[in-house]
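First comes the structure, then the notes that go with it.
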Amino acid sequence: MGIHPTAVIDSRAAIHSGAEIGPYVVIEGVVKIGRGSRVMAHAHITGWTEIGEENEIHTGAALGDAPQDTSYQGSESYLKIGSHNIFREHVQVHRGTQAGSSTVIGNHNFLMAGAHVGHNCKLGDHIVIANGALLGGYVEIGDQAFISGNCVVHQFVRVGKLSLMRGLSATSRDVPPYSIVDWQHQVRGVNVIGLKRAGFDEQRIRVIKNAFRTLFHKGRNLSLAIKELESDGNVTADVAFLLEFIRSSKRGVCFGA
(Lines give C-alpha, C1' and ligand atoms only; values in the text may rest on other atoms or scores of the structure.)
Protein backbone atom coordinates (compact mmCIF):
# COMPACT_ATOMS: atom_id res chain seq x y z
CA MET A 1 0.00 0.00 0.00
CA GLY A 2 1.01 3.65 -0.38
CA ILE A 3 2.00 6.07 -3.12
CA HIS A 4 4.95 5.26 -5.37
CA PRO A 5 7.57 8.03 -5.39
CA THR A 6 7.33 8.45 -9.17
CA ALA A 7 3.58 9.16 -9.10
CA VAL A 8 2.51 12.76 -9.78
CA ILE A 9 -0.30 13.76 -7.40
CA ASP A 10 -2.20 17.06 -7.52
CA SER A 11 -2.27 18.84 -4.16
CA ARG A 12 -6.08 19.09 -4.49
CA ALA A 13 -6.49 15.29 -4.65
CA ALA A 14 -7.80 13.36 -1.64
CA ILE A 15 -6.42 9.81 -1.53
CA HIS A 16 -7.36 7.43 1.26
CA SER A 17 -4.42 6.14 3.24
CA GLY A 18 -5.51 2.61 2.37
CA ALA A 19 -5.33 3.21 -1.39
CA GLU A 20 -2.37 2.18 -3.54
CA ILE A 21 -0.94 4.44 -6.26
CA GLY A 22 1.58 2.78 -8.57
CA PRO A 23 4.58 4.09 -10.50
CA TYR A 24 4.19 6.96 -12.95
CA VAL A 25 0.50 7.44 -12.20
CA VAL A 26 -0.77 10.96 -12.84
CA ILE A 27 -3.61 12.25 -10.65
CA GLU A 28 -4.62 15.71 -11.72
CA GLY A 29 -7.48 17.83 -10.36
CA VAL A 30 -9.99 17.46 -7.56
CA VAL A 31 -9.82 13.66 -7.49
CA LYS A 32 -11.03 11.49 -4.60
CA ILE A 33 -9.91 7.86 -4.27
CA GLY A 34 -11.38 5.56 -1.63
CA ARG A 35 -10.01 2.90 0.66
CA GLY A 36 -8.48 -0.18 -0.92
CA SER A 37 -8.54 1.14 -4.47
CA ARG A 38 -5.46 0.30 -6.52
CA VAL A 39 -4.21 2.51 -9.35
CA MET A 40 -1.55 0.80 -11.44
CA ALA A 41 1.36 2.13 -13.46
CA HIS A 42 0.83 4.94 -15.98
CA ALA A 43 -2.88 5.39 -15.30
CA HIS A 44 -4.22 8.95 -15.59
CA ILE A 45 -7.07 10.21 -13.41
CA THR A 46 -8.19 13.78 -13.85
CA GLY A 47 -11.02 16.29 -13.51
CA TRP A 48 -13.64 16.16 -10.81
CA THR A 49 -13.52 12.40 -10.34
CA GLU A 50 -14.74 10.42 -7.33
CA ILE A 51 -13.67 6.79 -7.00
CA GLY A 52 -15.07 4.56 -4.25
CA GLU A 53 -13.55 1.60 -2.45
CA GLU A 54 -11.72 -1.50 -3.68
CA ASN A 55 -11.48 -0.54 -7.35
CA GLU A 56 -8.73 -1.80 -9.69
CA ILE A 57 -7.47 0.69 -12.27
CA HIS A 58 -4.95 -0.92 -14.60
CA THR A 59 -2.10 0.36 -16.73
CA GLY A 60 -2.86 3.23 -19.08
CA ALA A 61 -6.48 3.72 -18.03
CA ALA A 62 -7.73 7.30 -18.50
CA LEU A 63 -10.56 8.30 -16.17
CA GLY A 64 -12.34 11.63 -15.86
CA ASP A 65 -10.89 13.44 -18.86
CA ALA A 66 -12.87 16.08 -20.76
CA PRO A 67 -15.76 14.77 -22.87
CA GLN A 68 -15.36 14.28 -26.60
CA ASP A 69 -18.14 16.76 -27.26
CA THR A 70 -17.69 19.96 -29.24
CA SER A 71 -20.25 21.71 -27.03
CA TYR A 72 -18.09 21.26 -23.93
CA GLN A 73 -16.90 24.63 -22.62
CA GLY A 74 -14.60 23.53 -19.81
CA SER A 75 -17.23 23.75 -17.05
CA GLU A 76 -17.11 21.70 -13.86
CA SER A 77 -18.60 18.28 -14.49
CA TYR A 78 -18.08 14.91 -12.85
CA LEU A 79 -17.18 11.27 -13.08
CA LYS A 80 -18.58 9.25 -10.18
CA ILE A 81 -17.42 5.66 -9.71
CA GLY A 82 -18.72 3.27 -7.07
CA SER A 83 -16.87 0.38 -5.49
CA HIS A 84 -15.39 -2.99 -6.52
CA ASN A 85 -15.02 -2.08 -10.21
CA ILE A 86 -12.23 -3.25 -12.51
CA PHE A 87 -10.88 -1.00 -15.28
CA ARG A 88 -8.43 -2.91 -17.43
CA GLU A 89 -5.67 -1.55 -19.64
CA HIS A 90 -6.38 1.67 -21.53
CA VAL A 91 -10.05 1.94 -20.60
CA GLN A 92 -11.36 5.47 -21.18
CA VAL A 93 -14.21 7.01 -19.17
CA HIS A 94 -15.07 10.68 -19.72
CA ARG A 95 -16.83 13.07 -17.39
CA GLY A 96 -20.12 14.89 -18.14
CA THR A 97 -20.60 17.62 -20.72
CA GLN A 98 -22.98 20.14 -19.16
CA ALA A 99 -22.01 22.04 -16.03
CA GLY A 100 -22.87 19.96 -12.96
CA SER A 101 -23.63 16.81 -14.94
CA SER A 102 -22.03 13.43 -14.31
CA THR A 103 -20.94 10.19 -15.86
CA VAL A 104 -21.87 7.51 -13.33
CA ILE A 105 -20.54 3.99 -12.90
CA GLY A 106 -22.05 1.78 -10.20
CA ASN A 107 -20.52 -1.19 -8.39
CA HIS A 108 -18.93 -4.54 -9.30
CA ASN A 109 -18.49 -3.71 -12.99
CA PHE A 110 -15.77 -5.13 -15.23
CA LEU A 111 -14.53 -2.95 -18.10
CA MET A 112 -12.04 -4.85 -20.25
CA ALA A 113 -9.07 -3.46 -22.16
CA GLY A 114 -9.72 -0.58 -24.53
CA ALA A 115 -13.40 -0.10 -23.64
CA HIS A 116 -14.72 3.45 -24.01
CA VAL A 117 -17.48 5.02 -21.91
CA GLY A 118 -18.60 8.38 -23.27
CA HIS A 119 -19.76 11.45 -21.38
CA ASN A 120 -22.91 11.31 -19.24
CA CYS A 121 -23.27 7.54 -19.45
CA LYS A 122 -25.02 5.78 -16.57
CA LEU A 123 -23.89 2.24 -15.74
CA GLY A 124 -25.60 0.13 -13.10
CA ASP A 125 -24.05 -2.81 -11.25
CA HIS A 126 -22.44 -6.14 -12.23
CA ILE A 127 -22.00 -5.12 -15.88
CA VAL A 128 -19.34 -6.51 -18.22
CA ILE A 129 -18.06 -4.37 -21.07
CA ALA A 130 -15.61 -6.41 -23.12
CA ASN A 131 -12.51 -5.37 -25.07
CA GLY A 132 -12.90 -2.51 -27.52
CA ALA A 133 -16.60 -1.87 -26.89
CA LEU A 134 -17.71 1.75 -27.42
CA LEU A 135 -20.51 3.54 -25.57
CA GLY A 136 -21.59 6.90 -26.99
CA GLY A 137 -22.68 9.81 -24.83
CA TYR A 138 -25.71 9.48 -22.53
CA VAL A 139 -25.93 5.69 -22.91
CA GLU A 140 -27.60 3.85 -20.02
CA ILE A 141 -26.66 0.25 -19.18
CA GLY A 142 -28.85 -1.83 -16.87
CA ASP A 143 -27.63 -4.19 -14.17
CA GLN A 144 -25.92 -7.43 -15.21
CA ALA A 145 -25.83 -6.55 -18.91
CA PHE A 146 -23.00 -7.96 -21.03
CA ILE A 147 -21.55 -5.87 -23.88
CA SER A 148 -19.27 -8.15 -25.92
CA GLY A 149 -16.06 -7.26 -27.72
CA ASN A 150 -16.02 -4.39 -30.23
CA CYS A 151 -19.72 -3.63 -29.86
CA VAL A 152 -20.91 -0.10 -30.65
CA VAL A 153 -23.76 1.55 -28.75
CA HIS A 154 -25.14 4.80 -30.22
CA GLN A 155 -25.56 7.86 -28.03
CA PHE A 156 -28.75 8.03 -25.90
CA VAL A 157 -29.42 4.30 -26.27
CA ARG A 158 -30.54 2.25 -23.25
CA VAL A 159 -29.33 -1.32 -22.80
CA GLY A 160 -31.69 -3.27 -20.54
CA LYS A 161 -30.72 -5.37 -17.57
CA LEU A 162 -29.53 -8.93 -18.11
CA SER A 163 -29.23 -8.37 -21.86
CA LEU A 164 -26.36 -9.58 -24.02
CA MET A 165 -24.90 -7.89 -27.09
CA ARG A 166 -22.92 -10.38 -29.15
CA GLY A 167 -19.47 -9.46 -30.39
CA LEU A 168 -19.15 -6.90 -33.21
CA SER A 169 -22.82 -5.95 -32.98
CA ALA A 170 -24.12 -2.39 -33.02
CA THR A 171 -27.32 -0.69 -31.98
CA SER A 172 -28.94 2.70 -32.40
CA ARG A 173 -32.11 1.39 -30.71
CA ASP A 174 -32.80 0.42 -27.11
CA VAL A 175 -31.83 -3.15 -26.23
CA PRO A 176 -34.69 -4.92 -24.39
CA PRO A 177 -34.02 -6.47 -20.98
CA TYR A 178 -33.23 -10.21 -20.99
CA SER A 179 -32.48 -10.21 -24.73
CA ILE A 180 -29.66 -11.42 -26.95
CA VAL A 181 -28.95 -8.87 -29.68
CA ASP A 182 -26.53 -9.08 -32.59
CA TRP A 183 -25.62 -7.55 -35.94
CA GLN A 184 -27.60 -4.31 -36.39
CA HIS A 185 -30.03 -4.06 -33.44
CA GLN A 186 -31.67 -7.45 -34.05
CA VAL A 187 -33.19 -9.46 -31.22
CA ARG A 188 -32.12 -13.09 -31.58
CA GLY A 189 -33.66 -14.53 -28.44
CA VAL A 190 -33.57 -14.63 -24.64
CA ASN A 191 -30.33 -14.52 -22.65
CA VAL A 192 -31.12 -17.82 -20.94
CA ILE A 193 -27.63 -18.42 -19.55
CA GLY A 194 -27.52 -14.93 -18.08
CA LEU A 195 -30.94 -15.39 -16.49
CA LYS A 196 -29.97 -18.72 -14.96
CA ARG A 197 -26.79 -17.22 -13.54
CA ALA A 198 -28.92 -14.46 -12.03
CA GLY A 199 -31.10 -17.04 -10.27
CA PHE A 200 -34.14 -17.14 -12.55
CA ASP A 201 -35.92 -20.50 -12.37
CA GLU A 202 -37.31 -22.41 -15.36
CA GLN A 203 -40.83 -21.07 -14.94
CA ARG A 204 -39.72 -17.42 -14.96
CA ILE A 205 -37.56 -18.04 -18.02
CA ARG A 206 -40.39 -19.84 -19.82
CA VAL A 207 -42.74 -16.89 -19.31
CA ILE A 208 -40.11 -14.47 -20.61
CA LYS A 209 -39.51 -16.68 -23.66
CA ASN A 210 -43.23 -16.73 -24.43
CA ALA A 211 -43.36 -12.94 -24.18
CA PHE A 212 -40.39 -12.60 -26.54
CA ARG A 213 -42.07 -14.92 -29.03
CA THR A 214 -45.11 -12.65 -29.11
CA LEU A 215 -43.16 -9.40 -29.16
CA PHE A 216 -40.27 -10.13 -31.50
CA HIS A 217 -40.78 -13.29 -33.52
CA LYS A 218 -44.23 -13.02 -35.09
CA GLY A 219 -43.48 -10.04 -37.32
CA ARG A 220 -46.29 -8.04 -35.74
CA ASN A 221 -46.71 -4.40 -34.86
CA LEU A 222 -45.16 -3.99 -31.43
CA SER A 223 -48.10 -2.08 -29.96
CA LEU A 224 -50.49 -4.85 -31.02
CA ALA A 225 -48.15 -7.48 -29.62
CA ILE A 226 -48.11 -5.69 -26.26
CA LYS A 227 -51.91 -5.60 -26.21
CA GLU A 228 -52.02 -9.32 -26.98
CA LEU A 229 -49.68 -10.09 -24.10
CA GLU A 230 -51.67 -7.99 -21.66
CA SER A 231 -54.97 -9.50 -22.75
CA ASP A 232 -53.64 -13.00 -21.97
CA GLY A 233 -53.47 -12.06 -18.30
CA ASN A 234 -50.06 -13.66 -17.80
CA VAL A 235 -48.03 -10.52 -17.20
CA THR A 236 -45.58 -11.42 -14.45
CA ALA A 237 -43.32 -8.85 -12.79
CA ASP A 238 -40.55 -9.76 -15.25
CA VAL A 239 -42.79 -9.26 -18.28
CA ALA A 240 -44.23 -6.04 -16.83
CA PHE A 241 -40.68 -4.71 -16.46
CA LEU A 242 -39.97 -5.62 -20.09
CA LEU A 243 -43.15 -3.93 -21.35
CA GLU A 244 -42.49 -0.77 -19.36
CA PHE A 245 -38.99 -0.59 -20.85
CA ILE A 246 -40.47 -0.83 -24.35
CA ARG A 247 -43.16 1.79 -23.67
CA SER A 248 -40.66 4.27 -22.25
CA SER A 249 -38.30 4.01 -25.22
CA LYS A 250 -37.65 7.26 -27.06
CA ARG A 251 -35.53 5.70 -29.81
CA GLY A 252 -37.53 2.55 -30.41
CA VAL A 253 -36.34 -0.91 -29.39
CA CYS A 254 -34.42 -3.51 -31.31
CA PHE A 255 -36.62 -5.68 -33.53
CA GLY A 256 -36.90 -9.41 -34.15
CA ALA A 257 -34.78 -11.05 -36.80
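The values are calculated or read from the model by the stated rules, or taken from the named source; none is laboratory data. Computed from a predicted model, the values in this text were never measured in an experiment. Every residue, glycine among them, receives a Cβ derived from its backbone with ideal geometry; neighbour counts consider all protein chains shown. For the accessible areas, the whole protein counts, side chains as well, though only heavy atoms, and no ligand, DNA or RNA atoms are used. Shrake-Rupley method; radii C 1.70, N 1.55, O 1.52, S 1.80 Å.
Structural remarks
- Per the conditions (1) over 21 Å from Val157 (Cβ atoms); (2) over 27 Å from the mean Cα position of the chain (by Cα), the sole criterion not satisfied by Lys209 is (2).
- Pairs, first over 17 Å from His42 (Cβ atoms) in region 4-29, second of a type in the set (Asp, Glu) and open to solvent by less than 60 Å² (accessible area, probe 1.4 Å), C-beta under 8 Å, six or more apart: Gly29/Asp10
- Filter result (in a loop (DSSP other than H, G, I, E, B) and either within 22 Å of Glu76 (Cβ to Cβ) or touching a helix residue (DSSP H, G or I) at 6+ places or on another chain (Cβ under 9 Å) (or both)) within region 107-119: Gly118, His119
- Of all residues in region 44-76, those that are surrounded by 24 or more Cβ atoms within 10 Å (Cβ to Cβ) and free of Cβ contacts under 8 Å to residues at least 40 places away in the same chain total 7.
- Scanning region 109-134 for residues that are within 10 Å of the chain's Cα centre (by Cα) and more than 21 Å from Thr59 (Cα to Cα), we see that the one that is surrounded by the most Cβ atoms within 10 Å (Cβ to Cβ) is Leu123.
- The set of residues from region 77-93 being part of a strand (DSSP E or B) and open to solvent by 30 Å² or more (accessible area, probe 1.4 Å) comprises Tyr78, Lys80, Ile86, Gln92.
- Residue check for Gly96: buried (at least 23 other Cβ atoms within 10 Å of the Cβ), assigned to a loop (DSSP other than H, G, I, E, B) and at pLDDT 95 or above: yes
- Subset tally (residues that are more than 23 Å from the chain's Cα centre (by Cα) and open to solvent by less than 90 Å² (accessible area, probe 1.4 Å)) for region 232-255: 5
- Condition check for Lys196 on (1) within 19 Å of Val128 (Cα to Cα); (2) in a loop (DSSP other than H, G, I, E, B); (3) open to solvent by 70 Å² or more (accessible area, probe 1.4 Å): one failure, at (2).
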